[in-house]
Amino acid sequence: VAIEPADLSHALCTRRLVTRDDVVTVPLNREQSGDSRDALAKALYGKLFSWLVERCNEKLVDDSASTAFVGILDIFGFEQFQTNSFEQLCINYANERLQQQFNWDIFKAEQAEYEAEGIEWQAIEFVDNQECLDLIDKKSSMG
């Protein structure tokens, strides 16, 4: 972002009040400045996410195909939005992480314990989205 540090600091730490006769610059307290910073970060991440999705769609989507999408199923299922936001991705990711913990506690760990103790049991089939979570979690260097 091409902005001078002093200008950014001023924008995050003050607000302008416009009255009928005057414009007054009011300093923000620490909490309000933090809220400004957080709002800017959310907006930047949102714009970056939208830009990234647009670039991926340009390269990956076959215009002749009827549908093409990348989705993360959360514990409540897919939500149908015309356009998903970075915020929705984060919500779905967090929900899927919780679902994965539930799956581990209820299915994987219990079945592993039965196996270790030699208890006869019938395997419970369930959808395991660990690979999708690993893809998002993976830290890799670009280039």
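Solvent-accessible area of residue 19, all protein chains in place: 80 Å² (probe radius 1.4 Å, heavy atoms, ligands and nucleic acids excluded).
Multiplying the residue separation of residue 121 and residue 94 by 0.36 nm and subtracting their alpha-carbon distance yields 6.6 nm. Using heavy atoms of the protein chains and a probe of 1.4 Å, the accessible area assigned to residue 102 is about 100 Å². Using a probe of 1.4 Å, the accessible surface attributed to residue 13 totals some 50 Å² when neighbouring protein chains are kept in position.
Note on residue 47 and residue 60: the extension gain reaches 2.7 nm, defined as 0.36 nm multiplied by sequence separation minus the Cα-Cα distance. Proximity of backbone amide H atoms, modeled 1.01 Å from N, is registered between residue 15 and 26, 28 at under 5 Å, excluding neighbours fewer than 5 places apart on the same chain.
Taking the centroid of alpha carbons for each part, region 116-131 and region 5-19 are 57 Å apart. Computed over protein heavy atoms with a 1.4 angstrom probe, the accessible surface ordering of 114, 45, 93, largest first, is 45, 114, 93.
The values are calculated or read from the model by the stated rules, or taken from the named source; none is laboratory data. Since this is a predicted model, take the numbers as computed values, not measurements. With ligands, DNA and RNA removed, areas are computed over all heavy atoms of the protein, side chains included. Shrake-Rupley method; radii C 1.70, N 1.55, O 1.52, S 1.80 Å.
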